[in-house]
Amino acid sequence: MIRQQTIYRVPSDLRGNPKAVFRVELDPGSGRIRSVRLIKSSGVPSWDDAAGRGIERVRTFPCDTSGTCPSVIEISRGPRDD
C-alpha cells in the first residue's frame, strides 16, 4: 500500500537500506491520517521526503475487524524495502 505510493529513484551509490521512522496519527474511527511526522531520519533527506509523501498519499489505513484503528502508529521505511 505505502510502497506503491512512494516515488523514489534509489541512487546507485546508496549503501545499505537506511531507514526513516515516522509517527503517524490516525483518526481511530476511520483510519484517516491526521498527521505524519519524521521522528528518525535515514540520513538521506531525499528518501525521508519521498517516504513521508508516500505515507501521506495513502490517506486512510485499514481498521481492524472491530472497526477501530490505533490512534498512533510508527512506520519504518527504507528505499530498498519490498
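Just a few scattered comments:
- Test: residue in the range 12-35 that is open to solvent by 60 Å² or more (accessible area, probe 1.4 Å) and polar (S, T, N, Q): yes
- Scanning the range 47-70 for residues that are open to solvent by 60 Å² or more (accessible area, probe 1.4 Å), more than 13 Å from Ile2 (Cα to Cα) and at pLDDT 95 or above gives a single hit, Asp49.
- Test: residue in the range 31-40 that is in contact (Cβ under 8 Å) with a residue 24 or more places away in the chain, touching a Gly at 6+ places or on another chain (Cβ under 8 Å) and on the phi < 0 side of the Ramachandran plot: no
The values are calculated or read from the model by the stated rules, or taken from the named source; none is laboratory data. Model, not experiment: these values are computed from the prediction. So basically every Cβ, Gly included, is an ideal-geometry build from the backbone, and we count neighbours across all protein chains shown. What goes into the accessible areas is simple: the full protein's heavy atoms, side chains included, and nothing from ligands, DNA or RNA. Shrake-Rupley method; radii C 1.70, N 1.55, O 1.52, S 1.80 Å.
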